[in-house]
Amino acid sequence: MGAQPAVRGSYWITTFGCQMNKADSERMAGILETMGYAPGSDEHSADLVLYNTCTIRDNAEQKVYSYLGRQAQRKRLNPHLTLVVAGCVAQQEGEALLRRVPELDLVMGPQHANRLGTLLEQVELGQQVVATGEHHILEDLTTPRRDSGSCAWVNVIYGCNERCTYCVVPAVRGKEQSRLPEAIRLEIEGLAAQGFKEITLLGQNIDAYGRDLPGITPEGRRQHTLTDLLHHIHGVEGIERIRFATSHPRYFTERLIDACADLSKVCEHFHIPFQSGDNDVLKAMARGYTVERYRRIIERIRVRMPEASISADVIVGFPGETDAQFRHTLDLIEEIGFDLVNTAAYSPRPGTPAADWPGQLSETVKVERLQELNALVERTARARSARYLGRVEEVLVEGANPKNPGQLMGRTRTNRLTFFPDEGQGLGALVPVRIEETRSFSLSGRSLAPALRH
Ligand code: SAH
Ligand code: SF4
Ligand code: F3S
């Protein structure tokens, strides 16, 4: 037996925000366990509490302050409690967070996630630590503690070089940094050996993958692109499904669409945020594409993969957005028929250009638009779900339905959540399920034995 690390107590992590934060939290949990921390059962009794925060909208940021208030009180009674704020609020606020919550031990930006161990060692020496400097992200050598046993996130590019005028991400996540294809493939091989069946490649702008890596092909194109990466990892045995997110319409290429159609493990689901259905608003957002280009991408996907599901993000109430411009967004949603759309009312973020523009809309208008939009999104999602009725879909088992332990839960290749009776298929099984009931965002059915294998 190898040497056991010192027992340091229990930890608790609460994660806000996007998949990037979820992936960072899994790596940080892995680091804590390597250091001798054990998963705690309760946020209010753990010896180390870490909040991995999000600042994409004001309400996301405010949430963390209320959590921190309670922990600060606990720390005053128990000085041995270690309090950590990681993620995007930490990066944005830095030292200011210590002034606001002096009980904090460690404030660390997302680029420092892999350094949690070293930073905590400084805390153990009695320092209060702020780590928010621009940092080259090193490969993490510990094993992340993954929440799921069948589907895993794999970071491929950190940061974002775009400058959408509403968005804090470039300020808090820093410049684009791509991981090397070899390191990515090694990680995926490791995941396959542990029994994972599905991987999702992650990046804020995943189409930018490889832009910062050296290398040009003899034909004069970039050597490392997302398309090349998909080819590079497709052969990993044991991995049955490959997804990627988030795609940017500006960089989404035909070559990529062809690769998705040709590579059997790449799932027919695309998350391509369009943000607005109006060209003038898109221009003010500095998104760098038009509605026409967006339509062409979707058409091309549907020519090659007619069953593909399409999801997106959209913002309503951007400064200066007129009612007619908002209607263009509704029209696009109706026309494309999205399977899912994440919707948000515009929230002015500190340090972003649009926050200072005239023409800010009232909360009332934003909320009205959001409600109208959500009703439409629900309706199109329901219509898209209806097409599954009576079909047999391959579902990858992710676990038990938390609301009904007699049922298993998983996703179709097109990413629809699906429930069916548990007949002992087990985690990671690929089960053919006949769909008997459809709802806006989920399906139910019955399995047809035996389990499918690719
Ligand atoms: N990189 C992705 C998304 C990153 S943030 C992309 O380019 O699409 C996730 C989503 O949050 C965005 O797609 C956008 O819809 C929303 N969002 C970002 N900034 C926002 C803001 N200031 N107010 C409201 N929604 C915002
Ligand atoms: Fe933000 Fe735009 Fe980068 Fe997406 S592409 S993270 S919206 S700046
Ligand atoms: Fe939020 Fe940071 Fe992700 S601001 S959406 S957690 S990149």
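Every number here is computed from the coordinates shown, using simple stated rules; none is lab data. Everything quoted here is computed from the prediction, not taken from an experiment. FYI the Cβ positions are ideal-geometry reconstructions off the backbone, even for glycines, and counts take in every protein chain you see.
A few remarks follow.
- Pairs beyond 20 Å (Cα-Cα), from Lys22/Lys197; Lys63/Lys175; Lys197/Lys265: Lys63/Lys175
- Helical content of the chain, expressed as a calculated mean residue ellipticity at 222 nm, amounts to -10500 deg cm²/dmol (DSSP H runs of 4 or more residues, -39,500 (n - 2.57) each, divided by residue number, nearest 500).
- Relative counts (whole %) of C-alpha pair distances in segment 215-294, using bins that are 5 Å wide: 3, 13, 21, 19, 15, 14, 9, 4, 1, 0
- Cysteines without a disulfide-compatible partner [the chain; Cβ-Cβ under 4.7 Å]: Cys18, Cys54, Cys88, Cys151, Cys160, Cys260, Cys267
- Judged by the ratio a/c of the largest to the smallest principal axis of the C-alpha gyration tensor, segment 152-242 counts as oblate, that ratio being 1.5 or greater while a/b is no larger than b/c.
- Most positive-pole-ward Cα, Val365, Thr246, His232, against dipole of the chain from beta carbon charges: Val365
- Loop-located GluC sites (Glu not before Pro) across segment 231-306 with a Cβ neighbour count of 15 or fewer within 10 Å are Glu237, with loop assigned by DSSP.
- 26 Å tail of the calculated P(r), segment 9-131, as % of Cα pairs: 8 percent
- For Gln407, residues with placed amide H under 5 Å, excluding near neighbours: Asn401, Asp422
- Scaled against the 2.2 N^0.38 Å expected of a compact globular protein of N residues, the Cα radius of gyration of the chain reads 1.00.
- Here r is the Cβ-Cβ distance between Leu389 and Leu77 and R0 is 45 Å; the resulting FRET efficiency, rounded to 0.05, is 0.20.
- For Arg211, net neighbour charge (Lys/Arg +1, Asp/Glu -1) across residues whose Cβ lies under 10 Å away: -2
- Efficiency of FRET from Cβ geometry, Glu237 and Gln127, R₀ 45 Å, rounded to 0.05: 0.45
- Between segment 184-257 and segment 314-361, the alpha-carbon center distance in angstrom: 30 Å
- Base-10 log of normalised Debye intensity for segment 102-152 (one unit scatterer per alpha-carbon) at q = 0.18 Å⁻¹: -0.68
- Counting 0.36 nm for each residue step from Arg327 to Arg222 and taking away their Cα separation leaves a gain of 33.9 nm.
- Percent of alpha-carbon pairs separated by more than 29 Å within segment 200-355: 24 percent
- The alpha-carbon atoms of segment 273-371 define a convex hull whose volume equals 96 cubic angstrom per residue.
- Across the chain, Cα pairs under 8 Å and at least six residues apart give a relative contact order of 10 percent.
- Segment 190-243: C-alpha gyration tensor shape, a/c 1.5 cut-off, then a/b vs b/c: prolate
- Here's how it looks for Gly174: its modeled amide H is under 5 Å from those of Cys160, which are all 5 or more places away or on a different chain.
- Inter-part distance where segment 1-78 and segment 102-179 are each reduced to a Cα centre, Å: 14 Å
- FRET efficiency estimate (nearest 0.05) - Cβ-Cβ, Trp357 to Asn161, R0 25 angstrom: 0.65
- Rg/Rg_ref, segment 389-447, where Rg_ref = 2.2 N^0.38 Å and atoms are Cα: 0.95
- Taking other residues whose beta carbon is less than 13 angstrom from the beta carbon of Glu162, and scoring Lys, Arg as +1 and Asp, Glu as -1, yields +4.
- Scattering curve values for segment 60-149, log₁₀ I(q)/I(0), Debye with Cα scatterers, q = 0.26 Å⁻¹: -1.36
- Net charge of neighbours whose Cβ lies under 13 Å from the Cβ of Leu448, counting Lys and Arg as +1 and Asp and Glu as -1: -1
- Amide H contacts of Thr253: none lie under 5 Å away among residues 5 or more positions distant or on a separate chain (H built 1.01 Å from N in the peptide plane; Pro and chain starts excluded).
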